[in-house]
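Worksheet: one structure, shown below.
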Amino acid sequence: MRSSNPVFSRRGFSRDNGYAGFNTAAQAGYAQGNPYAQNPYAQNPYAQQGVQHGAPPQAPVTTDRMTMDDVVTRSALTLGTVAVGAVLAWTLLPVSGTSYALAFGAAIVAMVLALVQSFKRTPSPALILGYAAFEGVFLGVISEMFNTRWSGAPFQAVLGTLAVSAATLLVYKAGWIRVTARYARIGMAIAMAFILVMAVNLLLVAFGVAADGGLRSFGPLGAIVGIIAILLGAFFLTLDFKQIEDGIAYGAPRNESWLAAFGLTMTLVWIYVEMLRLVAIFSSND
């Protein structure tokens, strides 16, 4: 199925990716025990091009395929780069107008790198790690800013992000959430509506129509919006987990694990930023 992350939906784990050389019998065997076998989103995203063009199927390829170890290793490297960038920015950049400007610039560069990678046909470790480094600088500056006003907020946000991620993985692996086409459609419709409303809110705040941040204020309404955003982040994680699971099951090339790491990092950054704001809101109301 297609992931919520633009990096997954543009390339990587998309149905039209088409890697040749996978045995249809093996796919059928997998489908017998696959609760998503009838889900059009869960068909083999690496369907053999040769069969589509009339060529006979080849024997399954068992080498140079993505494994869970690959995903874990690349994810640790990417998230580690984010952490190093954040620590360096926190340590070396004092809270000031200059550091805020640098943080804004780093966020723009990270966004550009993410977009470039999203539109590339193949994963680029350099782009992905570059994105992680600049994203880390941005997170380090805003985390220091929040910590200056709400002491301990970043640490609590990290714990909250870990808790949300662990809980989401638990309910996913336990089968309490089934990532079906209907689930994905409904969740993505809610996510798109949320992003649209937030964009409109940002414009209203920029033009002075909405005061104190509008829907993103540090009051009760802002807390509700923050909780919704974190729940959406958990939803994105379930799509990422399913995408990784399918990629491993269908024999995605090993370099696709960089896309998995990229997508997970983007989702975890989303959750962390929203968790940071939520901690600040609750701390303000104490």
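The values are calculated or read from the model by the stated rules, or taken from the named source; none is laboratory data. Note that this is a predicted model, so its numbers are computed, not measured. Note: ideal-geometry Cβ built from the backbone for every residue, glycine included; neighbour counts use all protein chains shown. Each accessible area value is taken on the protein alone, full model and side chains, heavy atoms only, with ligands, DNA and RNA left out. Shrake-Rupley method; radii C 1.70, N 1.55, O 1.52, S 1.80 Å.
Computed on the Cα atoms alone, the convex hull of region 106-175 gives a volume of 106 cubic angstrom per residue. According to a simple spin-label model (label point 7 Å from Cα along Cα-to-Cβ), what is the distance in nm between residue 91 and residue 224? Once both label points are built, they end up 4.3 nm from each other. Rolling a 1.4 Å probe over the protein chains gives residue 282 an accessible area of about 110 Å². Leaving ligands, DNA and RNA out of it, report the carbon-plus-sulfur percent of the accessible area of region 219-286 at a 1.4 Å probe. Of the solvent-accessible surface of region 219-286, carbon and sulfur hold 73 percent. Using a ≥ b ≥ c from the Cα gyration tensor of region 209-286 (square roots of the eigenvalues), is it rounded, prolate or oblate, where a/c under 1.5 gives rounded and otherwise the larger of a/b and b/c decides, a/b for prolate? Taking the square roots of the gyration eigenvalues as a ≥ b ≥ c, region 209-286 is prolate.
Carbon-plus-sulfur accessible fraction, region 151-209 (probe radius 1.4 Å, protein heavy atoms only): 77%. Would region 153-284 count as rounded, prolate or oblate if I go by the C-alpha gyration tensor, calling it rounded below 1.5 in a/c and otherwise prolate when a/b exceeds b/c, oblate otherwise? It is prolate, given that a/c is not under 1.5 and a/b is the larger ratio. Shape class of region 63-112 from the alpha-carbon gyration tensor: oblate, with a/c at 1.5 or above and b/c at least as large as a/b. Averaging 1/r over every pair of different alpha carbons in region 56-215 and inverting the result gives a Kirkwood radius of 19.1 Å. In the context of the full protein assembly, residue 185 retains an accessible surface of approximately 130 Å², using a probe radius of 1.4 Å and ignoring ligands and nucleic acids.
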